[in-house]
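The values are calculated or read from the model by the stated rules, or taken from the named source; none is laboratory data. Just so we're clear, the structure is a prediction, and the values are computed from it rather than from any experiment. Here the Cβ positions follow ideal geometry from the backbone for every residue, glycine too, while neighbour counts run over all protein chains shown. To get the accessible areas, we keep the full protein, side chains included, count just its heavy atoms, and leave off ligands, DNA and RNA. Shrake-Rupley method; radii C 1.70, N 1.55, O 1.52, S 1.80 Å.
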Amino acid sequence: MKLIPIGSKQIAFIRYDDQASQMHIQYHTGYTHTCCDVLPEHYQRLLQSPNPYDLLMQMTSDKAWCPPQA
C-alpha cells in the first residue's frame, strides 16, 4: 500500500487498499476518512497527478464515505 503525500494544510496523505477498493484519507489531526468503491485506475491517476489535492477533491465529491468501523 503506497502512501501519497498531499500538499494540504488539512490532509497529510492518502493510501489505497486494493483488496477492499477503499481509499483512506489521513488528516494531520490524526482523523481518517475512508472512501468506498474507488477503482484502481482512479488511484493510479492520483499517483501520476502533478496536483493530487485537486484531483482528490474532484474524486471524492461524488464518492460514498464508508461507515466508520467499530
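According to a simple spin-label model (label point 7 Å from Cα along Cα-to-Cβ), what is the distance in nm between GLN22 and ASP54?
3.0
Please report the relative contact order for the chain, taking Cα pairs under 8 Å with a sequence separation of at least 6, and give it as a percent rounded to a whole number. Please list the in-between numbers first.
Numbers: 99 pairs, mean separation 16.8, N = 70.
Worked out over the chain, it gives 24 percent.
Taking amide H atoms as placed 1.01 Å from N in the peptide plane, list the residues 5 or more away in sequence, or in a different chain, whose amide H sits under 5 Å from that of ILE6.
Those qualifying (amide H under 5 Å, at least 5 residues apart or on another chain) are PHE13, ILE14.
Of the listed values (1) 0.97; (2) 0.92; (3) 1.15, grab the one calculated as Rg/Rh (Cα atoms, Kirkwood Rh) from the structure here.
This structure yields the entry labelled (2).
Give the accessible surface of the chain per residue, rounded to a whole number of Å², with probe radius 1.4 Å and ligands, DNA and RNA excluded.
Numbers: 4700 Å² over 70 residues.
On a per-residue basis, the chain sits at 67 Å².
Leaving out ligands, DNA and RNA, and with a 1.4 Å probe, what % of the accessible surface on the chain is carbon or sulfur? Numbers along the way, then the final one.
Values: 2440 of 4700 Å².
That share works out to 52 percent.
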